[in-house]
């Protein structure tokens, strides 16, 4: 039976877009590091009957009746998340990573208080206080950078100097385009010196931390972690806030999420999160997470051999950031376009101290969670990296690109998107 049969009967326009997206994902390789494929079980939960239900409040403390099953389901999600992240308290209601960060700020600070976070141009995220964001009008953000963009080393001495000068309420460790592991112990030491909360935004590496492949900031005494539930965790698009042990912080975060920032939580989304958490608790997920890093390292080797400059000098996690304009003479925007033509999807990205514009930058960002979900390993990662470089070098060669597109499609046929993971 067609999984979209009711849409097909009722709305041909939307049905066409769904079928088109299914085909695009089937025939192409997804290398955007913030995207992944979910299991059919997660997709079923996202389209479930829970989409009908309003559930303002928390389990056992709702504002509407009829919450018997929503309470059971959200409690299951919370307990699974606590197990995954070694946390005493979890809020699974944030609608996304940005929503989780904003709620966390309001829970831990008063307007005008200071956050010390990573500069966007050096790998941070918009919600870490970029001047264009609305949250920047409420709180004071100061930004640290890398000491050496070719190794990825954070300038921890300068970070400490900034902390002593600005006395931040929060020191935020986290990123969206940074490929090395952070020294959480140094962050914690500096935060303790100035009396700041330690928060890790682990949105990109959520799954790698859940699997124990990368360090858990809680093992270094961090107070709070914010995260997304998609990306490397392979769940539905959504957010989450976890608290290591402070009941006071947990209560403040709950109030900041509801009623502070959101009304009724999306219960179908929480159900899908719960399904994904169970998948991540299966031993096979650790093997998957390990392979994500192996595949990224395999791609690193190819780019280095081709003398393409990699920011941070390589990767410790799931993503790489390459200066293709400086190395191959193609802008990030053009690289994104020509790679899309051969069936490889990634995103243009600014590099540290970017000399070009955000919409036509020098770099590209790519990662391995989605390709690894398809079962691809180092052999395929190596060849994909080679195809990427060949495509960028042959950006104006229509025949060559057609040949490479056919090879990408053949690889996709050999590694279809799986319907179940456990």
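Only the coordinates and a few stated rules stand behind these numbers; no lab work does. Not measured: the values here are computed from a predicted model. As a convention, Cβ positions derive from the backbone with ideal geometry for all residues, glycine included, and neighbour counts pool all protein chains shown.
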Checklist entry - Which value, in Å to one decimal place, does the Kirkwood hydrodynamic radius take for the stretch 250-342 when every pair of different Cα atoms is included? => result 17.2 Å
Item to check | Whole-number D in µm² s⁻¹ for the stretch 46-172, Kirkwood Cα-pair radius fed into Stokes-Einstein, 20 °C, 1.002 mPa s | outcome: 123 µm²/s
Checklist entry - Based on the mean of other beta carbon atoms within 10 Å per residue, what is the order of 211-217, 247-253, 360-366, most packed first? => result 360-366, 211-217, 247-253
Item to check | For 122, 158, 318, order by how many other beta-carbon atoms lie within 10 Å, fewest first | outcome: 158, 122, 318
Checklist outcome for this item: Taking 320, 346 and counting other beta carbon atoms within 10 angstrom, the fewest-first order is 346, 320
Item to check | Counting all C-alpha pairs of the stretch 286-414, share separated by more than 17 Å (%) | outcome: 55 percent
Checklist outcome for this item: Rounded to the nearest whole number, the per residue volume of the convex hull around the C-alpha atoms of the chain in Å³ is 145 Å³
Checklist entry - Roughly what would the spin-label model give for residue 245 and residue 382, points 7 Å off Cα along C-beta, in nm? => result 4.6 nm
Checklist entry - Rounded, prolate or oblate: which fits the stretch 345-422, taking a ≥ b ≥ c as square roots of the Cα gyration tensor eigenvalues, rounded meaning a/c under 1.5, else prolate when a/b beats b/c? => result oblate
Checklist entry - For the stretch 189-319, what does the alpha-carbon gyration tensor say about shape, rounded, prolate or oblate, given a ≥ b ≥ c as the root eigenvalues, a/c under 1.5 as rounded, and a/b over b/c as prolate? => result oblate
Checklist entry - So what is the calculated 222 nm ellipticity per residue for the chain, using -39500 (n - 2.57) for each DSSP H run with n of 4 or more, over all residues, to the nearest 500 deg cm²/dmol? => result -13500 deg cm²/dmol
